[in-house]
Structures are given as structure tokens and as C-alpha cells.
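So the structure is just underneath, and the comments pick up after that.
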Amino acid sequence: MPGTGGKLETTMKRLTLWILVALLAALPLTAFAQSDAPLPPFAAVQDGQLVLGDAQGNTRPVLQDTDIQYLAWNADGSKLAFVPRDANYNASLGWVDAATGEVHRIETPALESGFNVSWTRDGRILYATPNPATDPAQGPEMPVDVWAVEPVEGAQPQQLGTIQFGVGCGGGSPLPADWVYWSETGGFGGFFITLQDTPAGILYSLNCGGSSLGRLDPATGQT
């Protein structure tokens, strides 16, 4: 009969679709259930306070400071590194124990402006400081020292190498809205500056605009 083949094909497609729906409905519901593993904690800065929270919405303020930036969790979410700045905008280094809320300060030279902090794959805090030989008039690049330090009292930082960092992103701004934007985007002028440990070495931004990357070999100090 004319058209029978087309009707049969349509019927078979519909039957196949219903069979698939029935099979999916028969799968154990646990396959779609959320994992029982605990969710990682979160951190935020609210009105100058560093606040820790959990998946249930419970929060705990742990530090009040002039300006707190660059929050970075370690791999298992047990420690949070951060950069506080004083009234003169001098940056230092700290970390928080997520279980106790205890704040620790790490004695370092003033941090290099614009660089974030992160964690090495072996659990140390990774950060950058100005090289003592830095000459602002030297331009267009300046040396920056890269360090790693264990988050324990009295730990001695290890210098991993010195990188050349391109400058030229201009000066500051008198507008508070700009300050908020820069703080929330994680870098001067809204540019994020990378400093990140990877299996291939430490990736870092080559300039203050964050437009390109270099690689530092921590075993040799070469870039």
C-alpha cells in the first residue's frame, strides 16, 4: 500500500524512543543522586572582614583588616592563603586554618604589587616580591623574585627563581569604583596576573596587562 513504509518507519522510531525512556526510568535513582562527599568551604571578604563559610550557609568572620585580596585555597580546602594590605597599601602574606579559623602571618618582604598568591603542588604558598636590585627607571622590565613557603610557624621561604616582568600599565585612579573593580577582578587595572604551579613549571604573567605567559623551572631557576 502506498505510504505504508513511511508509517512503519515512523512507528518504529516512536517505539524505540519509548523503549529508551523506559530503560532510563528503570535505572537506579542513586545513579543521579548527589555525592555525599563534603563540599569545599568558601571564603569571602565582606565590609573588610575575611569570612569563611560552609555548604549549609554558616559563616564565621576570622579577620578584620584594611584591605584583603587574592584569596586562594590549597588543594584539599584545609587552608586559605590571602594578601592583606595596610593603610599605606603595603602587602603582606597570611593564611587561615579552615578547621579552627586561626589566622597566621608569614614574615616576608613587601609583596610585588598585582601578583596573586597560589599554592604549589606540594602544598606551599607561592608568591612574588620585588627583587632588591629593581630600578624603577630601568624599564620596560623589572626583576621579580618568586618564592614558596610552607604554611607552618617559623618556615623559611625558598626562592625558586627571578623573572622579568614588563611594566607600563599606568598609575592609580581617584575613583573608589575603580578600586572595587580592581580588587574584585584580582589585579591592578582589572588585569589578572598569573602565578601558578603546574607539572611543566611555574607559569607567570610576562607583563602587567596579563596578556602573555612565561614559564619558570623551579629546579634550575631558568625561565
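The values are calculated or read from the model by the stated rules, or taken from the named source; none is laboratory data. Treat the numbers as computed from the prediction; the structure is a model and nothing was measured. As a convention, Cβ positions derive from the backbone with ideal geometry for all residues, glycine included, and neighbour counts pool all protein chains shown. When the accessible area is computed, the model is the full protein with side chains, heavy atoms only, and any ligands, DNA or RNA have been set aside. Shrake-Rupley method; radii C 1.70, N 1.55, O 1.52, S 1.80 Å.
Here is the figure for segment 84-105: residues that are open to solvent by less than 20 Å² (accessible area, probe 1.4 Å) and either hydrophobic (A, V, I, L, M, F, W, C) or touching a Ser or Thr at 6+ places or on another chain (Cβ under 8 Å) (or both) total 6. Screening segment 69-83 for residues that are open to solvent by less than 10 Å² (accessible area, probe 1.4 Å) and either without any contact (Cβ under 8 Å) to a residue 40 or more places away in the chain or among the β-branched types (Val, Ile, Thr) (or both) and picking the one that is farthest from Ile193 (Cα to Cα) gives Leu80.
Scanning segment 210-223 for residues that are part of a strand (DSSP E or B) and surrounded by fewer than 15 Cβ atoms within 10 Å (Cβ to Cβ) yields Leu213, Arg215. Note on segment 116-129: residues that are at pLDDT below 90 and either of a type in the set (A, V, I, L, M) or open to solvent by 20 Å² or more (accessible area, probe 1.4 Å) (or both) amount to 0. When each of Leu80, Leu111 is tested for being over 21 Å from Trp179 (Cα atoms) and in contact with a Pro (Cβ under 9 Å, 6 or more places away or on another chain), the lone residue that passes is Leu80. Restricting attention to segment 84-101, the residues being of a type in the set (S, T, N, Q) and under 15 Å from Ala72 (Cα atoms) number 1.
Residue by residue through segment 161-209, note down the ones that are at pLDDT 75 or above, open to solvent by less than 30 Å² (accessible area, probe 1.4 Å), under 24 Å from Asp67 (Cβ atoms) and small (Gly, Ala, Ser). Correct list: Ser173, Ser205, Gly209. Counting only strands (runs of 3 or more DSSP E) that sit wholly inside segment 63-120, those with at least 1 residues that are of a type in the set (Ser, Thr, Tyr) and either on the phi < 0 side of the Ramachandran plot or out of contact with any Lys or Arg (no Cβ under 9 Å at 6 or more places or on another chain) (or both) are 67-73.
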